[in-house]
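Each remark here refers to the structure printed beneath this line.
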Amino acid sequence: MTITTRAGKNSALTHNELDGNFTDLDGRINALPNLTNTTADLDISSLIIENDNFDQVLFKRTNQTGLGGKIIGIFQTEFSDALTVGQGTGFWTRIAGSDGQVDGGSVIAMIKDYTDSNNWDTQLLFTPVSQVSGTPSYSSVLDVSHDKFEVENTDAIELNSIPLTGLKMPLTAYADLPSNPDASANGLIAMLSTDGAGTQKNSMIYADGGIWRYVSDSSVVAAS
């Protein structure tokens with residue numbers, strides 16, 4: 001399908017050429033997916049005006065298990081090198097008003113572990129922005145992975161605005177706890193089902209310098 005212009009032809013259009021332009025446009029419109037009922041991907045990358053290293057945005061209806069067949073937005077960043085730990089993609093937020101604009105922050109999905117295309121883990125990083133005297137500060141406040149979440153750079157989690165009957169944590173056997181090799185794991189908490197010796201505990205524990213301890217009395221959890 002091609003549109004013929006007078007500038008391109010350098011002369012007046014014939015009746016057939018003029019009619020052909022309308023036929024061409026009609027064909028393009030009919031080729032567009034039915035956005036109310038379609039399995040086709042809707043690529044809106046051409047609608048992005050500000051384009052900083054932009055790769056791809058898709059809105060896609062999916063039947064993938066766990067997503068419920070809903071319309072989802074797919075943000076994709078392509079790397080020229082092989083997939084490795086630390087690569088990621090996500091979205092950035094901005095709030096604008098008559099007196100200026102502020103950057104709200106980002107939600108980034110990042111590769112945490114990668115072996116091959118069949119074996120990998122990711123984590124989600126939530127990063128709000130603070131700016132003082134024109135100097136922005138970016139710091140992740142929440143790190144979520146498939147086995148845990150970590151709250152960073154904050155003194156407390158405020159739950160008083162959320163109607164809760166309780167916080168539910170999955171029971172986890174000692175052998176399945178996240179790795180805890182050194183003091184960098186301080187602050188991790190978990191609900192222990194069985195200790196390293198296989199004894200039923202069903203108790204809350206916390207990490208302390210490479211050691212798991214019971215919240216109730218700070219005694220060490222048996223590793224074997």
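Trp120: net charge of surrounding residues, Cβ under 9 Å, Lys/Arg +1, Asp/Glu -1, itself excluded?
It works out to a net charge of -2.
How much accessible surface does Ile3 have with a 1.4 Å probe, in Å² rounded to 10?
For Ile3, solvent-accessible area is about 70 Å².
Taking amide H positions as placed 1.01 Å from N in the peptide plane, with prolines and chain starts having none, which residues 5 or more places from Asp208, or on another chain, fall under 5 Å of its amide H?
Arg213
Which order do Arg213, Arg6, Arg94 take when ranked by solvent-accessible area (1.4 Å probe, heavy atoms of all protein chains), largest first?
Arg6, Arg94, Arg213
Ser139 to Thr5: FRET efficiency via 1/(1 + (r/R0)^6), r the Cβ-Cβ distance, R0 45 Å, to the nearest 0.05?
0.25
The values are calculated or read from the model by the stated rules, or taken from the named source; none is laboratory data. Note that this is a predicted model, so its numbers are computed, not measured. Cβ coordinates were reconstructed from backbone atoms using ideal geometry, including for glycine residues, and neighbour counts include every protein chain displayed. Ligands, DNA and RNA are excluded from the accessible area calculation, which covers all protein heavy atoms including side chains. Shrake-Rupley method; radii C 1.70, N 1.55, O 1.52, S 1.80 Å.
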